[in-house]
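Written below as structure tokens is the structure these notes are about.
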Amino acid sequence: MATTTPPEGWLSVGHIRRPHGLRGDLYVQLTTDRSDRLDPGGELFGGGRTFTVESSRRSGKGRLIAKFAEVTDRTEAERLVNTEVFAAPIDDPDALWVHDLIGKPVIDQSGTDRGVCTSVVDNPAAPLLELSDGSLVPTNFVTSVSAEEIHVDVPEGLFDPALRQGGA
């Protein structure tokens, strides 16, 4: 019997949405900024199955359409609508991964523990680490991430309570 859980360590990267055409092509909505997850040869896991990307392209409206080797017709594609898909972690030493940040203490350049990263907030300029006390730290201030903690080099006053509450 096939397992319905992804391989250990694999991360949620999106959802299969609806079929496109008659040959099994599918719209895929990624929840990652790594569209290379749909490069030919890439593997995704969903609905108890592993899928190999044969090809992918953007629709006229900019949506991603993928062809999986294991999906050969529309009927099979329709069974996959709204299936969550997972992929193996990408080994990129220069990238910050949300799953590596959540739950870790944030230490500033003077060695002060500023609290635990509780979430990463999307922001046009740079994603923000949200700390347990409500502070927000732009990720471009992160200098290193270890298995135990996140180190940041922040400008003076970033953690000033008066500034966080909109005071002067």
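Collect the residues in the stretch 22-48 that are buried (at least 16 other Cβ atoms within 10 Å of the Cβ), over 20 Å from the mean Cα position of the chain (by Cα) and at pLDDT below 95, keeping them in residue-number order. Within the stretch 22-48, just G24 meets the criteria. Within the bounds of the stretch 30-37, is there any residue that is part of a strand (DSSP E or B) and within 20 Å of I90 (Cα to Cα)? The answer is yes, given that some residue of the stretch 30-37 is part of a strand (DSSP E or B) and within 20 Å of I90 (Cα to Cα).
Residue under question is V81, and the condition is that it be surrounded by 13 or more Cβ atoms within 10 Å (Cβ to Cβ), assigned by TED's automatic domain parsing to the domain that holds R17 and not acidic (D, E); does it hold? Against the criterion (surrounded by 13 or more Cβ atoms within 10 Å (Cβ to Cβ), assigned by TED's automatic domain parsing to the domain that holds R17 and not acidic (D, E)), V81 qualifies.
Taking the stretch 111-142 as the range and being of a type in the set (A, V, I, L, M) and not in a loop (DSSP other than H, G, I, E, B) as the test, the residues that pass are V116, V120, V121, L128, L129, L131, L136, V137, V142.
The values are calculated or read from the model by the stated rules, or taken from the named source; none is laboratory data. Computed from a predicted model, the values in this text were never measured in an experiment. Quick reminder, even Gly has a Cβ in these numbers, built from the backbone with ideal geometry, and neighbours come from all protein chains shown.
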